[in-house]
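Note sheet for the following structure.
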C-alpha cells in the first residue's frame, strides 16, 4: 500500500443494501435491449440486485421464449423459478461470492454472442435473461434464487419480470440507496464527503458556512453487506487539519489512533464498503475503484474520488496517492 506519514481525509456514509440470505434479482432493464433481434446489435445490460456471501455463486443465461408455449403454463413455471418455455443460447461462467450490488448494471453480452457467428433466425421477438444464485461455489449446490426478465427484441420493452423463491421464502428487498456527496471549501482548500442527511442539509443550507457541492459522489453501504468492511471515521483536531480520516482497513484505523493519540475515533463503522486486492488494487465485481489523495500539507486533508481524471488532476497539483496496487486504489464503491 502506498501511503504518506500523516493520514487524514474527508468523506462519509452512503449507499445502503441490507445483508440477507444469498439471492439475486433482476431489478429491471438496463441499456441496449432495443434492436436485439439480430446479431449485429451492440452490447446489452440489465439492472441487478444481489447479495452473495463467500461460498455461494451465481450465473446468467440469455435466450428466447418459445412463442407457442401455453401462457398460463409458462407463468406457473416462472412463479416456481423455472423457465419451461425458454430456449437458452448462451450462459455466463459462474461468479463466486462474496458479491453485493444494489441496482448495478450487469452486462449480458451482445446478440453476436447469443446467436452465434452465423446468426439465428428467431421464432419469436421475445428474448429472455435468467439469473440464478447457488448455495455452492462455481454453480454447485442448491438453487437459492432465480430471477427472470423477458423483453421485446425490437423496442426493448419489458414483457415479464418474475422472481423465484429463495431459501428464505422470498426475494429480499434493498435498502434505500444513498450517495456520499462531496463538498469543497475554497477558503480552506479542503474537501469533505458525507452521505449523512443532516450533514448534507447543514452544508447545503449554509449553516456550516463555506462549503459547496463539487457535483461528485459515490456509493457506500449503510450495513454489513456481503463482501464489505466497516469504515472507521477519525477526526483530526485543529492543528492537524480539522478534518476527518476514513479507512476500510481496521489495522490502518488502529495504527492512526495509536500514532496520533489526539485524534478522535468517531466510529469504527460509519459505513461499509468493499476493499480492493491489497497486491493488485483490483476491485470486486459490481464495484468501482476509489482513489485517496493526500494534500501533503500541515493542514492535512484528503480527497476521495472514483474519477481517474480527477485523481490525476490532484496528483498534478501535488497531492499524494494512497492505496493498493499500481493505481493506488484505497476502497471500492458500490457501482
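The values are calculated or read from the model by the stated rules, or taken from the named source; none is laboratory data. All figures in this text were calculated on a predicted structure; none of them were measured in a lab. Neighbour counts are summed over all protein chains in view; Cβ atoms, including those assigned to glycine, are modelled from backbone coordinates with ideal geometry.
Residues satisfying the criterion are present in segment 259-269 (criterion: in contact (Cβ under 8 Å) with a residue 40 or more places away in the chain, in a strand (DSSP E or B) and not assigned by TED's automatic domain parsing to the domain that holds residue 102).
Scanning segment 125-165 for residues that are modelled with pLDDT under 80, more than 17 Å from residue 54 (Cα to Cα) and part of a loop (DSSP other than H, G, I, E, B) yields 164, 165. Give the number of residues within segment 33-59 that are within 18 Å of the chain's Cα centre (by Cα) and assigned to a strand (DSSP E or B). Of the residues in segment 33-59, 11 are within 18 Å of the chain's Cα centre (by Cα) and assigned to a strand (DSSP E or B).
Of the residues in segment 237-251, at least one is closer than 30 Å to residue 48 by Cβ and part of a loop (DSSP other than H, G, I, E, B). The set of residues from segment 280-310 being within 18 Å of residue 243 (Cα to Cα), buried (at least 16 other Cβ atoms within 10 Å of the Cβ) and touching a residue at least 40 places away in the same chain (Cβ under 8 Å) comprises 292, 294, 295, 299, 300, 301, 302, 303, 304, 305.
Is there a residue being under 24 Å from residue 134 (Cβ atoms), at pLDDT below 80 and in a loop (DSSP other than H, G, I, E, B) anywhere in segment 21-28? Within segment 21-28, one or more residues are under 24 Å from residue 134 (Cβ atoms), at pLDDT below 80 and in a loop (DSSP other than H, G, I, E, B).
In this structure, is residue 247 surrounded by fewer than 21 Cβ atoms within 10 Å (Cβ to Cβ) and over 30 Å from residue 107 (Cα atoms)? So residue 247 does not fit the description; no.
When restricted to residues that are surrounded by 13 or more Cβ atoms within 10 Å (Cβ to Cβ) and part of a helix (DSSP H, G or I), segment 313-323 contains 3.
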